[in-house]
Amino acid sequence: MSTNERSIWEKIADQLRSKSLWMLHYCTGCGAIELPPSMTSRFDMERFGMGPMATPRQADILFITGYLSAKTLRRVIYTYEQMPEPKYVIGFGSCTLNGGIYYDSYATINRLDYYIPVDLYIAGCMPRPEALLEAFNELMRMIRKGEANGWKRYKENYEWYKQNQLRSLGEVFIHDEFHE
Amino acid sequence: MTVLRVIAVLLTGFFVGLTLEGIARKIMARVQRRYGPPWYQNFIDVFKALSKRGISHGWIFDFGILMALGGVIATLAFVPLGDLVAFPGLDNIFIIVYLFAVGALGMAMGMVGSGNPNASIGVARALTQMLGYEVPYLVAIAGVLYYYKTSSVSGLMMAQQDTWTLFKMPIGGIVAFISLLGMLGKKPFDTPIAPAEIASGPMVELSAKYMGLLMLMHTFSIFVEISLFVDIFLGISNYLTFLLKFTVVWIIATLISAVLPRFRIEQVVKFYWKVPLSLAFVQVLFVLLGWVF
């Protein structure tokens, strides 16, 4: 595919991007509890140049911890579309993979990959902070090699993703609520 | 020659400022018993932010950010770094204080132009906090200006032949340092950018290159603020000893900020107008009475 071709400038920029990843964590699921130990003294995420960010405008990673109900999925899609490119998504825990223990719930979605492009999944319920750091290192490697192309896939297959979103949510109205 | 000196001042601000911010993150990490990011992390952050593709929020937003960065760069060009003075004879403290407001107002305009209510709250807090620290700071500085009978910053530096102003006027020095913490937005006074309350306040709508430019603006304004304190209070210095004193002041501010929680905005103003302002008046009274060591 043409998505993997990068100019020399993009290659240099990808090196920088892999070393300074700012993360927006969407913590509605129980996986949020694994983040404090990864950030604080014991596992210390900041030594990789990673850190939490309070707003989607500055975030590189959208970190989805655990299950998403139909209501929160709408917010996740808004948030994802507000992030500046290039952007990466990590699905954390089995809930984002196949629904986990909520696989037959009427209110949650089962596969996050249908709605926004996920670059990396962390399987498990719960994954430990070690798994989290392993995943971050894997994501950095993917960014350096130009394999973390979820945001390009989203643009290329926008109709497909939009169709899936509409099927689950009824309507997805991306709007800028501050400029109306 | 002036052009070369201005370039030297700006490059010092860029490299030393970003390096020291990285070192501050490292120190903060060590205080919390973490390993911490490498010292060059802030260079990576700035260039990464510049490499991303963000969105604008209209021409007021763009213009405000350029005005903030340009205003702070213009201010920095007037600040003497030890014996490196870009515009000799023009490094008056009033010029620097007035020009510095251009950067702050440009940032306020641009951020309010983004239309996000969190940004408006952050800007309102930043300007309120400015009202808090500027008053005691300027009263303490007025005492210094009255004592040395000059308002040129390098004149104030050269007037400290016998001993540092910090030891001549210890109360004024402490007041200026507490105000400096507020200017830097260090921990007890980081109310305007509180990430957990108002989603990093003024910066909430900044993406990509706008964020990169604002990080540079922040670095340069840190350089202006600490440089003024070092020039006025910490004795005569050449370029190298200036950078040494600068580093020491920055590290002390970082250490204080590493162990303190955050004030609310009304607590900030109440604190500044009670303790440092009274101390500043006491210092001015001492100067008027001639009780200077």
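Look at the dipole of the protein assembly as shown built from charges on Cβ: of B:Ala8, A:Ser38, B:Val175, the Cα furthest out on the positive end belongs to A:Ser38. Please work out whether the stretch A:2-169 counts as rounded, prolate or oblate from its C-alpha gyration tensor, where a ≥ b ≥ c are the square roots of the eigenvalues and a/c under 1.5 means rounded, while otherwise a/b larger than b/c means prolate and anything else oblate? The shape class here is oblate.
When only the Cβ of Lys, Arg, Asp and Glu is charged (+1, +1, -1, -1), the dipole of the protein assembly as shown relative to its Cα centre reaches about 660 debye. By a 1.4 Å probe calculation restricted to protein chains, B:Asp62 has an accessible surface near 50 Å², given to the nearest 10.
Computed packing ranks the peptides B:29-35, B:279-285 as B:279-285, B:29-35, most packed first, by mean other Cβ atoms within 10 Å.
Counting Cβ atoms of other protein chains within 10 Å of each residue's Cβ and taking the mean over peptide B:200-210 gives 4. Distances between placed amide hydrogens fall under 5 Å for B:Asn92 paired with B:Val153, all partners being 5 or more residues away or on another chain.
Among residues other than A:Asp44 whose Cβ falls under 10 Å from its Cβ, what is the net charge (Lys/Arg +1, Asp/Glu -1)?
On the way: positive: A:Arg42, A:Arg47, B:Arg33, B:Arg34; negative: A:Glu46.
Once all neighbours under 10 Å are counted, the net charge is +3.
Taken along the Cα-to-beta-carbon direction at a fixed 7 Å, the label points for B:Arg264 and B:Tyr98 span 3.8 nm.
Hey, if you put +1 on the Cβ of every Lys and Arg and -1 on every Asp and Glu Cβ in the protein assembly as shown, which of B:Tyr35, A:Ile12, B:Tyr133 ends up farthest toward the positive end of that dipole? Farthest towards the positive pole: B:Tyr35. The calculated 222 nm mean residue ellipticity attributable to helices in chain A amounts to -11500 deg cm²/dmol, summing -39500 (n - 2.57) over DSSP H runs of n ≥ 4 and dividing by all residues.
Simple spin-label estimate for A:Ser7 and B:Ala74 gives 3.3 nm between the two label positions (7 Å along the Cα-to-Cβ direction from each Cα). If you take all other residues with their beta carbon under 15 Å from the beta carbon of A:Pro117, and give Lys and Arg +1 and Asp and Glu -1, the sum is -2. Comparing Cα centroids, the stretch B:1-76 and the stretch A:24-44 end up 28 angstrom apart. Straight-distance candidates among the lysines for linking to B:Lys52, with alpha-carbon spacing under 20 Å and chain neighbours fewer than 8 residues away dropped: A:Lys11, A:Lys19, A:Lys87, A:Lys145, A:Lys152, A:Lys155, B:Lys209.
Where nothing but the Cβ of Lys and Arg (+1) and of Asp and Glu (-1) is charged, how large is the charge dipole of the stretch B:8-77 around its Cα centre, in debye to the nearest 20? The partial results should precede the final answer.
Details: 8 positive and 3 negative charges, 97 e Å.
Here the size comes out at about 460 debye.
Residue by residue along A:52-63, Cβ atoms of other protein chains within 10 Å of the local Cβ number 6 on average.
Counting Lys and Arg as +1 and Asp and Glu as -1, what is the net charge of the other residues whose Cβ lies under 15 Å from the Cβ of B:Gly182?
Numbers: positive: B:Arg125, B:Lys186, B:Lys187, B:Arg262, B:Arg264, B:Lys270, B:Lys274; negative: B:Glu134, B:Asp190, B:Glu225, B:Glu266.
My count for the surroundings of B:Gly182 gives +3.
Shown are A:Glu134, A:Glu5, whose ranking by accessible area with a 1.4 Å probe and every protein chain present, most to least, is A:Glu5, A:Glu134. The mean count of C-beta atoms from other chains within 10 Å of the C-beta of residues in B:39-47, rounded to a whole number, is 4. Among B:Ser56, A:Ser18, the order of accessible area from largest down is B:Ser56, A:Ser18, computed with a 1.4 Å probe on protein heavy atoms. Determine the shape class of the stretch A:113-167: with a ≥ b ≥ c the square roots of the Cα gyration tensor eigenvalues, call it rounded for a/c under 1.5, and otherwise prolate if a/b is greater than b/c, oblate otherwise. Here the stretch A:113-167 falls in the oblate category.
Count the DSSP beta bridges whose two residues both fall in the stretch A:2-169, then state the antiparallel fraction as a percent rounded to the nearest 5.
Working: 1 of 15 bridges.
If I count the DSSP bridges inside the stretch A:2-169, around 5 percent turn out antiparallel.
Report, for the protein assembly as shown, the % of DSSP beta bridges that are antiparallel, rounded to 5. Don't skip to the end; give the middle numbers.
Numbers: 4 of 18 bridges.
Beta bridges within the protein assembly as shown, antiparallel portion: roughly 20 percent.
Ranked by the mean number of other Cβ atoms within 10 Å per residue, highest first, peptides B:39-47, B:207-215, A:86-94, B:244-252 order as A:86-94, B:207-215, B:39-47, B:244-252.
Restricting to DSSP H runs of at least four residues, report the calculated mean residue ellipticity at 222 nm for chain B, -39500 (n - 2.57) per run over all residues, nearest 500 deg cm²/dmol. Show your work: numbers first, answer last.
Working: 12 runs with 214 residues, N = 293.
It comes out at -24500 deg cm²/dmol, rounded to the nearest 500.
The heavy atoms of A:Glu10 offer some 40 square angstrom of accessible surface to a 1.4 angstrom probe.
Answer rounded, prolate or oblate for the stretch B:76-142, using the Cα gyration tensor with square roots of eigenvalues a ≥ b ≥ c: rounded when a/c is under 1.5, else prolate when a/b is larger than b/c, else oblate.
Values: a/c = 3.72, a/b = 1.80, b/c = 2.07.
Here the stretch B:76-142 falls in the oblate category.
Using +1 on the beta carbon of Lys and Arg, -1 on that of Asp and Glu, and nothing else charged, what's the dipole of chain A about the Cα centre, debye to 20?
Values: 21 positive and 22 negative charges, 45 e Å.
Charge dipole, chain A, about its Cα centre: 220 debye, nearest 20.
Long hydrophobic helices in chain B: the complete DSSP H runs spanning 27 Å or more by Cα along their own axis with mean Kyte-Doolittle hydropathy of at least -0.5 are B:2-31, B:59-78, B:93-113, B:117-148, B:208-233, B:239-258, B:265-289.
Give me the 1.4 Å probe accessible area per residue for the stretch A:2-169, excluding ligands and nucleic acids, in Å². Before the final figure, lay out the partial values.
Values: 7290 Å² over 168 residues.
About 43 Å² of surface per residue is accessible.
For the stretch A:65-111, the extents of the C-alpha atoms along the principal axes are 34, 19, 12 Å, listed from largest to smallest. Within the listed set A:Thr108, A:Thr65, A:Thr96, the residue fluctuating most in the Gaussian network model of chain A (springs between alpha-carbon atoms under 10 angstrom) is A:Thr108. Straight-line cross-link reach from A:Lys71 at under 22 Å between alpha-carbon atoms covers these lysines, not counting any fewer than eight positions away in the same chain: A:Lys162. For the pair A:Gln15/A:Tyr103, report the inter-label distance in nm, with labels modelled 7 Å from Cα in the Cβ direction. Between A:Gln15 and A:Tyr103, the label points sit 4.5 nm apart.
Packing, as the average of other Cβ atoms within 10 Å across residues, places the peptides A:34-45, A:155-166 in the order A:34-45, A:155-166, highest first.
The largest accessible area among A:Lys11, A:Lys152 belongs to the first residue in A:Lys11, A:Lys152, and the rest follow in falling order (1.4 Å probe, all chains).
Ordering B:Gly106, B:Thr165, B:Thr247 by Cα displacement along the dipole of the stretch B:2-289 toward the positive end leaves B:Thr247 in first place; charges were set at the Cβ atoms of Lys, Arg (+1) and Asp, Glu (-1).
The values are calculated or read from the model by the stated rules, or taken from the named source; none is laboratory data. This structure is a prediction, so every number in the text was calculated from the model and none was measured. Positions of Cβ are backbone-derived with ideal geometry, glycine not excepted, and every protein chain shown enters the neighbour counts. For accessibility, only protein heavy atoms count, side chains too; no ligands or nucleic acids. Shrake-Rupley method; radii C 1.70, N 1.55, O 1.52, S 1.80 Å.
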